[in-house]
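Since the structure comes first, as structure tokens, the remarks are kept for the end.
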Amino acid sequence: MFQVLSGFLLMQTILTSAMARPRVIDRDLPIGRFTLPDNATSIRENIDTTFRCTDRSYGYYADTENDCQLFHVCLPVVLPKQRVEMFMWSFICPQETMFNQERFTCARPEDSIPCHESFRFYNLNDKFGQPEMEDRPAQDSNATDNTNDEENSLESATVAASR
């Protein structure tokens with residue numbers, strides 16, 4: 001009897017797990033709340049929390065209001081009924097570094113673009129998900145033509161020699 005009951009419970013658990021669907025849970029957290037580590041204020045004392053992901057595409061964004069010591073990842077998610085919700089994760093760079101929008105890394109200020117110019121590189125986020133272009137040198141059209149001429153000459157010489 002115990003084996004039948006445990007088999008039934010196992011089957012019920014498997015079926016319940018298979019039918020489970022992910023759910024979006026509404027949270028009562030303020031939308032603008034940053035998700036920084038507790039010790040973030042030991043790296044930067046006065047953290048400005050005005051950055052928003054509203055109307056931004058997926059990507060990484062330097063926070064110029066915080067001298068690029070903070071950066072944010074914005075992710076628009078389409079929910080049921082075509083409702084779009086923007087998710088935002090916030091990060092702080094290690095001490096004495098800043099987020100380099102051109103390279104998407106934290107770097108020393110002397111190895112980074114000036115923070116106030118970060119907005120010029122926000123469009124690099126548009127390249128996420130696109131295939132990388134290989135770095136190939138452009139072929140000179142004359143070089144291609146010469147190669148074809150050489151092949152044609154070689155072919156003509158081979159035909160003439162076989163006669």
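Number of residues in region 42-74 that are in contact with a helix residue (DSSP H, G or I) (Cβ under 7 Å, 6 or more places away or on another chain) and farther than 9 Å from Phe99 by Cβ equals 10.
Out of Phe121, Phe87, I need the residue that is aromatic (Phe, Trp, Tyr), out of contact with any helix residue (DSSP H, G or I) (no Cβ under 9 Å at 6 or more places or on another chain) and at pLDDT below 95. Which one? Can you show your working first?
Values: Phe121 fails: at pLDDT below 95.
Being aromatic (Phe, Trp, Tyr), out of contact with any helix residue (DSSP H, G or I) (no Cβ under 9 Å at 6 or more places or on another chain) and at pLDDT below 95 holds for just one of Phe121, Phe87, which is Phe87.
Output the number of residues of region 47-70 satisfying the condition of being closer than 17 Å to Thr35 by Cα, within 13 Å of the chain's Cα centre (by Cα) and not small (Gly, Ala, Ser).
First pass over region 47-70, keeping only residues closer than 17 Å to Thr35 by Cα: 47-54, 59-63, 65-66, 68-70.
Still in the running and within 13 Å of the chain's Cα centre (by Cα): 59-61.
With the extra rule that they be not small (Gly, Ala, Ser), the set shrinks to 60-61.
Summing the residues that are closer than 17 Å to Thr35 by Cα, within 13 Å of the chain's Cα centre (by Cα) and not small (Gly, Ala, Ser) in region 47-70 gives 2.
Residues in region 59-114 that are β-branched (Val, Ile, Thr) and touching a Ser or Thr at 6+ places or on another chain (Cβ under 6 Å): Thr64 alone. Restricting the search to strands (runs of 3 or more DSSP E) fully inside region 38-96 and requiring at least 2 residues that are buried (at least 16 other Cβ atoms within 10 Å of the Cβ), in contact (Cβ under 8 Å) with a residue 40 or more places away in the chain and not hydroxyl-bearing (Ser, Thr, Tyr) gives 59-62, 83-92. Say whether the condition of being at pLDDT 95 or above, among the hydroxyl-bearing types (Ser, Thr, Tyr) and in a helix (DSSP H, G or I) is met by at least one residue in region 134-150. Checking region 134-150: not a single residue is at pLDDT 95 or above, among the hydroxyl-bearing types (Ser, Thr, Tyr) and in a helix (DSSP H, G or I).
The values are calculated or read from the model by the stated rules, or taken from the named source; none is laboratory data. Just so it is clear, the structure is predicted and the values come from calculations on it, not from any experiment. Reconstructed Cβ throughout: ideal geometry from the backbone, glycine too, with neighbour counts over all protein chains shown.
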